[in-house]
Amino acid sequence: MRSRCVTVWLGFVALALAQLWPLPLRLASATVAHADAVLNASVFGLVARQVVTAPWRPFDINMYYPFRGALAAGDPQITSAILLSPVTWTAGPLAAHNVFLILSFVIAAVGAYRLVRELGGTVAAGVLSGLVFAYSPFRLSHLDHSHVLAGCWLPFLVLSALRLLRQPTWHRSAATLAWFLILAWTSWYLTVIAGTTLLVLTVVAIATGRVPVARLALTGGVAGVIAAVALLPVLLPYLAIERQFDPPVTLSWQVQASIPPAPPSFRQQVAGEFATTGALWQNAAALETFIAASPATPVPWLRPLARFATPEAVFFPGIVALMCGIVGLTVWARRSLGLVWLSAAAALAAIAGVAMLAAASGGADAWPVRIVATTRVLVWLPLVLVAWAVLTVRRSGESTAGGTPERTDPALVPLVAVLSAGVVAWVLSLGPEPQAFSVSLGSGLYPADLPPFSLLRSPARFAIVSVLAGAVWAGFGLADILARIRQARARSWVALCVMAAAAGEASVLPVTLWPVHEIDRAVAATMRTLPPGPLVEFPIHDNTWALLQQWRWPGPLVNGSGVREPVAYNGLHGRNGLTPEMLEHLRTWFHVRYLLVDFSLYDAAQRTRVETNLRDSAAGLTMLAGVMMLALPIGIISKAFADEIHRREFVVTNTAAARWLLK
């Protein structure tokens, strides 16, 4: 038994290496081709450093100086960064980030495998479920978002919760709490998704009448209190960021006129996201995204479906996985819930399909769209199916007329709980207003104005729970198919073929990579000799390489990146032009001691503008406490300005580099 598990896990490792090729060959020299991947790798380094230097203040990472709690500008990923910190300190944050990407697929596959095995599935069912969940197009489309891939721990949370609900003990309560905190300290999204999933699982289990409520209330209540206390260090920095970043600030009078007006407060931003043009509407899962294949798929028959994908939502698992899921759900529902429930579920799928086709062809004026929008059937019918399933399970456990309890499948309650969690997550993923092809289908149930949901901008991410539930049913579908094959060798071949086909349809090979944008060695060597002081690197916007390169800078770092920025950073807009006003703003507000400019990240027009501004800013530069110039390329700065630098005797030249630093 143990050797079989080891074989399965090693297979998952081999598949992860193959599916993410050629990333395993370039762990420390390349990254997934997206700026967010560079940012997340930087977070790994900044958090690892903060945990070593000041572990009692994990959110005060070295960016957005002079503001504190800067990690709350995005997803903290504290759990992932700590787990990979040995790799960070030995091979760098980029290697740690890439190792985590690979491990996340192994962890997700093993978690789904363990969950299906716990629910009574076969080894083949568990392996297929692991493949379908780990390599779902939703996860593969977020290779640049390690905080989304950290949802790989979700199957372990569900598994632990189901064990706790079956037999509440202190040990199982502690295990469930641990899995929840692993998710919560990684991402606020995962905190809400995990909490919602636990709530649905608990309500369904209690409603079936199969749970010792008193014992569960005691063990679960204590775990809930501990979780609330443990979440305070995550929640408080977000509240502090709201106070620090939103209020208008007093700026130097020389630059106030050139700074754009302060952005709306965070609450106003959230309120604006409720509109049909806001982030909640745009980042919700439209109906067509559930038949959308990954834009990077090399599979010919899936490419036409790639047009339905959005950056946040792409969920079609492939034809093989879909057929196995339909078989699994159909066989199980017919046996456990009855044909009427199965017919209602099929009706829901048909209604969603008709509404989607009508929206694509006739728009908002099509009569199926008007009916669906008026009745809100896409919202309430799934919840009716959940309630129906719960009542069916409850009735099956009640005593018969003779007083003898009816024998039922012991996995019936956890299967219904997993199904219910997936359905509720699907409803939430549709957002505050379900849509198809940008056509509204009525009001949804997403509580956009209710904390903590009000802090989220992408309802589509709730569908990761639906993906897990679908993977479970795909595994059980394969088990049902194999059960009808008598010959053992034939069963093995069919299982292997199904798994290979599912893995092939999930492929996005080859993974597109970016080479590392490295700092010039001469500049890096000189910077290591400088005394600590506030540093800013330009370009400051759309340049996440600065955070990755300077994660070990001993002084404060002005650069930052996240969902939100301090208002003071408005003075650093203007296409990163380094105008005299901008330099004055750096001096008066950020107290910058070192300014590093990477000309290789500017296009020709921007580079010319920056060079002109620097030539015209000689007087402004003298406002800084001395000037130091490193790696000055010949001809970039006018001779008069260069003479002024030499007069101060702070110049070091290197014609091979395209960076300079002034002090």
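Look through segment 546-563, keep the residues that are of a type outside the set (Ser, Thr, Tyr) and open to solvent by 30 Å² or more (accessible area, probe 1.4 Å), and return whichever of them is farthest from residue 602 (Cα to Cα).
Looking at the filtered set, the residue picked out is 554.
Right, residue 101: over 19 Å from the mean Cα position of the chain (by Cα) and surrounded by 23 or more Cβ atoms within 10 Å (Cβ to Cβ) or not?
No.
Which one of these does residue 383 not meet: (1) of a type in the set (A, V, I, L, M, F, W, C); (2) under 20 Å from residue 308 (Cβ atoms); (3) touching a residue at least 24 places away in the same chain (Cβ under 8 Å)?
Residue 383 satisfies every listed condition except (2).
Any idea which of (1) surrounded by fewer than 24 Cβ atoms within 10 Å (Cβ to Cβ); (2) aromatic (Phe, Trp, Tyr); (3) in contact with a Lys or Arg (Cβ under 9 Å, 6 or more places away or on another chain) is the one residue 65 doesn't satisfy?
Against the list (1) surrounded by fewer than 24 Cβ atoms within 10 Å (Cβ to Cβ); (2) aromatic (Phe, Trp, Tyr); (3) in contact with a Lys or Arg (Cβ under 9 Å, 6 or more places away or on another chain), residue 65 comes up short only on (3).
Kindly list, by first and then second residue, each pair from a residue in segment 300-318 that is without any contact (Cβ under 8 Å) to a residue 40 or more places away in the chain and farther than 11 Å from residue 467 by Cβ to a residue that is open to solvent by 30 Å² or more (accessible area, probe 1.4 Å) and part of a helix (DSSP H, G or I), limited to pairs with Cβ atoms under 8 Å and residues at least 6 apart or on different chains.
That search, which allows pairs on different chains as well, returns 301/319; 305/291; 308/291.
Give the residues of segment 485-520 that are over 26 Å from the mean Cα position of the chain (by Cα), in contact (Cβ under 8 Å) with a residue 24 or more places away in the chain and either closer than 30 Å to residue 597 by Cβ or in a loop (DSSP other than H, G, I, E, B) (or both), sorted by residue number.
Scanning segment 485-520 gives 518, 519, 520.
Return the residues of segment 120-132 that are aliphatic (A, V, I, L, M) and open to solvent by 10 Å² or more (accessible area, probe 1.4 Å); say none if nothing qualifies.
Selection gives 123, 124, 127, 131, 132.
Looking only at segment 192-213, count how many residues are in contact with a Lys or Arg (Cβ under 8 Å, 6 or more places away or on another chain) and farther than 16 Å from residue 418 by Cβ.
Counting residues in segment 192-213 that are in contact with a Lys or Arg (Cβ under 8 Å, 6 or more places away or on another chain) and farther than 16 Å from residue 418 by Cβ gives 1.
Could you check segment 1-29 and list, in sequence order, the residues that are surrounded by 14 or more Cβ atoms within 10 Å (Cβ to Cβ), closer than 23 Å to residue 505 by Cβ and more than 23 Å from the chain's Cα centre (by Cα)?
8, 9, 11 - these are the residues of segment 1-29 that are surrounded by 14 or more Cβ atoms within 10 Å (Cβ to Cβ), closer than 23 Å to residue 505 by Cβ and more than 23 Å from the chain's Cα centre (by Cα).
Out of segment 306-333, which residues are among the β-branched types (Val, Ile, Thr) and surrounded by fewer than 22 Cβ atoms within 10 Å (Cβ to Cβ)?
Passing the criteria: 310, 319, 326, 327, 330, 331.
The values are calculated or read from the model by the stated rules, or taken from the named source; none is laboratory data. Model, not experiment: these values are computed from the prediction. With ideal geometry, Cβ positions are generated from the backbone for all residues, glycine too; neighbour counts draw on all protein chains shown. For accessibility, only protein heavy atoms count, side chains too; no ligands or nucleic acids. Shrake-Rupley method; radii C 1.70, N 1.55, O 1.52, S 1.80 Å.
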